[in-house]
Amino acid sequence: MVDSHVDVLIVGAGISGIGAAYHLQDQCPNKKYLILERRQSLGGTWDLFRYPGVRSDSDMYTFGYSFRPWKEPEVVASGDAILRYLRETTEAYGIDQRIRYRHEVTRASWSSRNAKWTVHARDESTGEDVCVTCNFLFMCAGYYDYDEGYTPDFEGVDRFHGRIVHPQNWTDDVVYEDQRVVVIGSGATAVTLIPALAEKAAQVTMLQRSPTYVVAKPRQDRIANWLRQHLPEKHAYALTRWKNVLLAMFWYWYCRSRPGRAKELLIADVRRRLGGDFDVERHFSPRYKPWDQRVCLAPDGDFFQTLRSGRASVVTDEIDCFTEKGLRTVSGEEIEADLIITATGLQLKFLGGLEVEVDGRAVNLTETFAYKGMMCSGVPNMALSLGYTNASWTLKADLTAEYVCRLLKHMDRRGYAYCSPRVDDPSMETASMLALDAGYVKRGRHRFPKEATVAPWKLHQNYALDVLALRYASVQDGVMQFRRADSIVKGSDEPTGARDARLREVAVSLPLD
Ligand SMILES: Cc1cc2nc3c(=O)[nH]c(=O)nc-3n(C[C@H](O)[C@H](O)[C@H](O)COP(=O)(O)OP(=O)(O)OC[C@H]3O[C@@H](n4cnc5c(N)ncnc54)[C@H](O)[C@@H]3O)c2cc1C
């Protein structure tokens with residue numbers, strides 16, 4: 001069968017999009033859905049990032065899906081293992097048949113009259129602009145720009161004779177064996193890279209402007225392994241998942257309510273791991289409170305062992321400029337290097353850069369309010385999957401997909417064609433949708449919808465509260481406005497795409513079954 005309409009269009013085949021597809025076919029088996037993915041393979045983050053040592057920095061019992069137990073013995077998983085898990089998941093549930101690769105979604109126009117989205121995409125294999133219609137649009141496009149990572153403007157970059165690589169652009173031809181490597185940055189990527197590079201490099205220097213919290217945790221979860229041996233797989237997984245959710249929530253709560261004490265505990269552990277001679281105060285005592293920014297993870301303390309062994313060192317200073325031989329810091333230190341890795345972060349991008357139109361009018365999504373962190377006020381039949389910043393992403397992605405299914409089933413039962421959350425008081429006090437104070441969040445939070453200080457416009461960043469709000473609270477809450485198919489809303493009669501003659505010629509026909 002060939003068609004160009006689906007009930008639900010999912011954008012993005014990363015961990016969120018694949019999870020959304022599972023929930024949809026499990027909960028709404030009558031819905032026809034398709035996934036459009038701009039890259040030529042699935043996995044999103046876990047396919048894009050290829051730097052040495054790339055791994056999760058949260059535990060796989062909560063980063064894995066609720067519906068598919070994580071079976072590997074290691075709780076902190078390598079990028080390859082996560083990718084394997086995602087591939088196996090798509091194959092096990094036939095989701096791989098529903099993905100169309102190399103389709104970058106660029107624009108979506110909603111018609112209230114037809115209760116449909118017309119979604120435009122660039123078919124990378126032909127270079128053509130194509131379109132598909134859907135009743136519900138589920139954006140699972142992640143939160144950052146796939147084309148470019150963030151690199152500050154460093155002076156003298158052109159003078160440097162060696163190679164400069166951003167981790168997002170890592171390829172197999174980057175040589176670091178027997179090289180002097182400088183890693184600029186102090187976040188999760190730097191903390192992951194350094195032990196892996198140090199295994200083969202001649203010398204690794206971590207150059208950070210300011211310190212970050214790094215916490216060591218065991219690579220294996222002994223309680224989880226014990227439960228796995230003594231209980232059926234599914235029960236063991238569910239118990240471990242809840243154990244880890246509650247422990248992480250408790251630790252986050254503790255850090256936010258007793259920041260001074262939490263800081264002391266974190267720094268004391270670093271001191272114990274690095275030994276008395278190390279200047280922990282200078283290099284590992286951040287100026288901010290724990291969880292103002294994400295706390296970095298060192299599995300089995302690998303990062304600290306590498307520093308202690310002398311195979312890597314830390315310099316805490318600002319960069320003055322690049323030189324022919326490496327870098328000079330503001331305090332005058334020269335650091336020679338053959339390879340400089342700019343682990344300086346991501347650039348945030350909302351909805352993969354999607355332009356949205358509702359009934360012929362362009363919508364500035366940054367002026368909308370985020371409803372339960374997963375829909376935009378005034379935008380009908382569109383959900384977005386954005387995970388937690390203080391816990392595993394997938395916990396929220398799973399809940400969001402469950403909620404979308406509840407919404408779709410509710411609309412079917414009551415004969416509604418579309419719904420959108422309505423803000424009654426646009427002058428509500430606002431807050432940032434992204435709770436972290438990290439550099440990449442500060443640079444990009446203006447690209448995201450607004451959050452308010454009251455439910456359902458407040459982002460909990462709390463799994464237990466979200467379970468109540470997304471899994472159990474009624475979808476008909478007075479804020480979500482439902483419309484029947486026959487209620488025509490003022491505006492354009494047809495999707496904007498259909499008015500474009502060139503597009504009609506190339507309108508995509510997607511084989512769906
Ligand atoms: C190196 C790294 C490590 C991380 N580790 C963790 C961790 O351990 N725990 C954690 O909770 N979080 C972690 N995160 C955050 C991480 O990105 C998420 O956890 C998760 O992988 C996001 O999944 P996603 O599917 O929502 O987005 P992504 O993985 O970003 O996937 C989005 C997909 O959408 C596609 N797409 C984007 N725009 C378009 C478009 N316009 N048209 C079509 N397709 C599009 C992309 O190509 C991609 O395949 C990490 C992030 C990075 C960068």
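The values are calculated or read from the model by the stated rules, or taken from the named source; none is laboratory data. Everything quoted here is computed from the prediction, not taken from an experiment. Backbone-built Cβ (ideal geometry, glycine too); neighbour counts: all protein chains shown.
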Original post:
In the stretch 332-349, which residues are among the hydrophobic types (A, V, I, L, M, F, W, C) and either crowded, with 21+ Cβ neighbours inside 10 Å or more than 14 Å from the ligand (Cβ to nearest atom) (or both)?
Top reply: 335, 337, 339, 340, 341, 343, 346
**OP:** Would you check if there is a residue in the stretch 273-293 being touching a residue at least 24 places away in the same chain (Cβ under 8 Å), assigned to a strand (DSSP E or B) and over 30 Å from residue 112 (Cα atoms)?
**Re:** yes
**OP:** Among the candidates 372, 409, single out the residue that is surrounded by fewer than 17 Cβ atoms within 10 Å (Cβ to Cβ), under 29 Å from the mean Cα position of the chain (by Cα) and basic (Lys, Arg).
**Re:** 409
Subject >> Residues that are under 15 Å from residue 136 (Cβ atoms), within 7 Å of the ligand (Cβ to nearest atom) and of a type outside the set (A, V, I, L, M), drawn from the stretch 13-59 >> reply: 17
Original post:
Is one or more of the residues making up the stretch 339-351 at pLDDT below 95 and farther than 24 Å from residue 49 by Cα?
Top reply: no
**OP:** Search the stretch 46-58 for residues that are farther than 19 Å from residue 173 by Cα and pair each with any residue that is near the ligand (Cβ under 7 Å from one of its atoms) when their beta-carbon atoms are under 6 Å apart and the residues are at least 6 apart or on different chains.
**Re:** 56/63; 57/188; 58/392
Original post:
Can you find a residue in the stretch 65-76 that is surrounded by 17 or more Cβ atoms within 10 Å (Cβ to Cβ) and part of a strand (DSSP E or B)?
Top reply: yes
Subject >> Where a residue in the stretch 243-268 is closer than 12 Å to residue 463 by Cβ and its partner, wherever it lies, is among the acidic types (Asp, Glu) and assigned to a loop (DSSP other than H, G, I, E, B), with Cβ under 9 Å and at least six apart >> reply: 244/59; 244/221; 248/59
Subject >> residue 36 being within 25 Å of the chain's Cα centre (by Cα), over 13 Å from residue 383 (Cβ atoms) and surrounded by 24 or more Cβ atoms within 10 Å (Cβ to Cβ) >> reply: yes
Original post:
Do you know which residues across the stretch 164-182 are over 21 Å from residue 46 (Cβ atoms) and touching a Ser or Thr at 6+ places or on another chain (Cβ under 9 Å)?
Top reply: 164, 180, 181, 182
Subject >> Cross-chain or 6+ apart pairs with Cβ under 6 Å, the stretch 390-402 first and closer than 17 Å to residue 252 by Cβ and in a loop (DSSP other than H, G, I, E, B), then at pLDDT below 95 and within 8 Å of the ligand (Cβ to nearest atom) >> reply: 392/58
Original post:
Can you tell me which residues in the stretch 98-133 are hydroxyl-bearing (Ser, Thr, Tyr) and assigned to a strand (DSSP E or B)?
Top reply: 106, 109, 111, 118, 133
**OP:** Take the stretch 274-288 and flag every residue that is within 32 Å of the chain's Cα centre (by Cα) and surrounded by fewer than 16 Cβ atoms within 10 Å (Cβ to Cβ).
**Re:** 281, 282, 287, 288
Original post:
What is the number of the single condition among (1) under 25 Å from residue 317 (Cβ atoms); (2) out of contact with any strand residue (DSSP E or B) (no Cβ under 9 Å at 6 or more places or on another chain) that residue 260 does not meet?
Top reply: (1)
Original post:
Before we move on, is residue 79 of a type in the set (Gly, Ala, Ser), within 18 Å of the chain's Cα centre (by Cα) and within 28 Å of residue 176 (Cβ to Cβ)?
Top reply: yes
Original post:
Does residue 191 satisfy the criteria of being part of a strand (DSSP E or B), touching a residue at least 60 places away in the same chain (Cβ under 8 Å) and either among the acidic types (Asp, Glu) or within 16 Å of residue 309 (Cβ to Cβ) (or both)?
Top reply: no
**OP:** Starting from residues that are of a type in the set (Val, Ile, Thr) and within 26 Å of the chain's Cα centre (by Cα), keep the ones in the stretch 238-273 and report whichever is surrounded by the fewest Cβ atoms within 10 Å (Cβ to Cβ).
**Re:** 245
Original post:
Among the residues of the stretch 109-149, how many are of a type in the set (A, V, I, L, M, F, W, C), touching a Cys at 6+ places or on another chain (Cβ under 9 Å) and within 11 Å of the ligand (Cβ to nearest atom)?
Top reply: 2
Subject >> Top-ranked residue of the stretch 91-103 - restricted to ones that are closer than 22 Å to residue 24 by Cα and within 12 Å of the ligand (Cβ to nearest atom), ranked as surrounded by the fewest Cβ atoms within 10 Å (Cβ to Cβ) >> reply: 101
Original post:
Going by the conditions given, is residue 59 surrounded by 18 or more Cβ atoms within 10 Å (Cβ to Cβ) and at pLDDT below 95?
Top reply: yes
Original post:
Looking at residue 385, is it within 16 Å of the ligand (Cβ to nearest atom) and either over 30 Å from residue 189 (Cβ atoms) or touching a helix residue (DSSP H, G or I) at 6+ places or on another chain (Cβ under 6 Å) (or both)?
Top reply: yes
Subject >> From the options 186, 125, residue that is within 30 Å of residue 72 (Cα to Cα) and at pLDDT below 95 >> reply: 186
